[in-house]
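Chemist: Pasting a structure below so you can have a look.
The values are calculated or read from the model by the stated rules, or taken from the named source; none is laboratory data. The model shown is predicted, which means the values in this text are computed figures rather than measured ones. We place every Cβ from the backbone using ideal geometry, glycine too, and count neighbours over all the protein chains shown. In case anyone asks, the SASA skips ligands and DNA or RNA and just uses the protein heavy atoms, side chains included. Shrake-Rupley method; radii C 1.70, N 1.55, O 1.52, S 1.80 Å.
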Amino acid sequence: MTGDTSIVAVLSGDLIGSSEAPPKETSIAINRILATTAKIETWDGNGPTYFTRMRGDGWQIVISNPTYALRAALKVFANQISAKESGYLQTRIAIGLGTMNAFDGADLSSASGSAFEASGRTLDAMTRSDRFAIAGSGVSPLHQAVVELTEEQIGRWTPEQAEAAAYYLSPSDPTLKDIAGELGISTQAVHSRIRGAGAQALRNVVEHWEDTPC
């Protein structure tokens, strides 16, 4: 990537419990995050999105449109916790907002800027029980509180609830009927999963977040 310094969101994370999991499950989980990154790149108003695997079970994503930071974190987390083929491996996610300097190629190992620093430091400070955290440019105590409440909600998700929430929280605002068609279940079953996941409240949260970004 070339060009002037810009404001972005950097999501840094690592898989939880990967050291005890078969290597195949770790690889599947990382590849699932890569696939989620590709979907995030297609969201309206977003630009180029970059993914790099780091330190075996670690990963990093750059999201060009920083207003999507919280929604993207939810999408990544939901897609991980619902994946049976990767042993339902969860991931910690540290959101960093700030600058990104020009870098060579698509490998983020050469990238730099305040967004990377905020995300990296925040991930290093997270405990094993933490799932979400945020820091960086424009981040206030209110933003941190919203992220903490979001973390509390997603900590209760079942794999089935997470699977439905991953669709429901897409910016295209799919209907319950749309999701039922994707999952091959009834609309009533989707409603039950969405309600159990608290996804309606989370959809409202991310919409307000994006209307009044950091």
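Chemist: Please list, ordered by chain and number, the residues whose modelled amide H lies under 5 Å from the amide H of ALA83; skip anything fewer than 5 residues away on the same chain.
Modeler: TYR88
Chemist: Determine the share of the chain's accessible area contributed by carbon and sulfur atoms, expressed in whole percent, with a 1.4 angstrom probe.
Modeler: So the carbon and sulfur contribution to the accessible surface is 51 percent.
Chemist: Using the basic label-point model (7 angstrom from Cα toward the beta carbon), what is the THR158 to GLU117 distance in nanometres?
Modeler: So the two model labels end up 4.6 nm from each other.
Chemist: Residues with beta-carbon under 10 Å from that of ILE93, excluding ILE93: net charge, scoring Lys, Arg +1 and Asp, Glu -1? Spell out each step's value before the answer.
Modeler: Details: positive: ARG92, ARG131; negative: ASP14, ASP130, GLU151.
For residues surrounding ILE93, the net value is -1.
Chemist: OK, next. How many nm is it between the label spots at THR187 and ALA38, if each spot is 7 Å from the Cα in line with the beta carbon?
Modeler: Each label point lies 7 Å from its Cα, and together they span 3.2 nm.
Chemist: Further question on the same structure: Compute the distance from the alpha-carbon center of the stretch 68-94 to that of the stretch 107-169, in whole Å.
Modeler: 10
Chemist: Only residues of the stretch 163-202 count here: report those whose backbone N is under 15 Å from the spot 7 Å along Cα→Cβ of LEU149, or say none.
Modeler: Taking a point 7 Å out along Cα→Cβ of LEU149, the residues of the stretch 163-202 whose backbone N falls under 15 Å are 198-202.
Chemist: Something else now. For SER6 and LEU142, what is the calculated FRET efficiency with R₀ set at 22 Å and r taken between the beta-carbons, to the nearest 0.05?
Modeler: Using R0 = 22 Å, I get an efficiency of 0.35.
Chemist: What accessible area per residue comes out for the chain, rounded to a whole number of Å², with a 1.4 Å probe?
Modeler: On the way: 9870 Å² over 214 residues.
In whole numbers, the chain has 46 Å² accessible per residue.
Chemist: Give me the number: length gained by fully extending ARG55 to LYS84, i.e. 0.36 nm times residue separation minus the C-alpha to C-alpha distance, one decimal in nm. Present the calculation step by step, with values, prior to reporting the outcome.
Modeler: On the way: separation 29, 0.36 × 29 = 10.44 nm, distance 2.33 nm.
Length difference between fully extended and current span is 8.1 nm.
Chemist: Follow-up question, since we're still on this one. Among the trypsin sites (Lys or Arg not before Pro) within the stretch 1-80, which fall in a DSSP loop and have no more than 16 other Cβ atoms within 10 Å of their own Cβ?
Modeler: ARG55
Chemist: Using the Kirkwood radius built from alpha carbon pairs, what does the Stokes-Einstein equation give as D for the stretch 1-57 at 4 °C and 1.567 mPa s, in µm² per second?
Modeler: Estimated diffusion coefficient is 98 µm²/s.
Chemist: Based on the Cβ-Cβ distance from ARG128 to ASN31, what FRET efficiency comes out when R0 is 35 Å, to the nearest 0.05? Walk me through the numbers before you get to the answer.
Modeler: Working: r = 23 Å, r/R0 = 0.67.
Once rounded, the FRET efficiency stands at 0.90.
Chemist: Based on DSSP H runs of at least 4 residues, each adding -39500 (n - 2.57), what is the mean residue ellipticity at 222 nm of the chain after dividing by all its residues, to the nearest 500 deg cm²/dmol?
Modeler: Working: 8 runs with 100 residues, N = 214.
One gets -14500 deg cm²/dmol as the mean residue ellipticity at 222 nm.
Chemist: So between SER19 and GLN200, what do we pick up on full extension, going 0.36 nm a residue minus the alpha carbon distance? List each step's numbers first, then the result.
Modeler: Numbers: separation 181, 0.36 × 181 = 65.16 nm, distance 3.46 nm.
Computed gain between SER19 and GLN200 is 61.7 nm.
Chemist: Could you work out the equivalent-ellipsoid semi-axes for the chain, taking the square root of 5 times each eigenvalue of the Cα gyration tensor, largest first, in whole Å?
Modeler: 26, 20, 16
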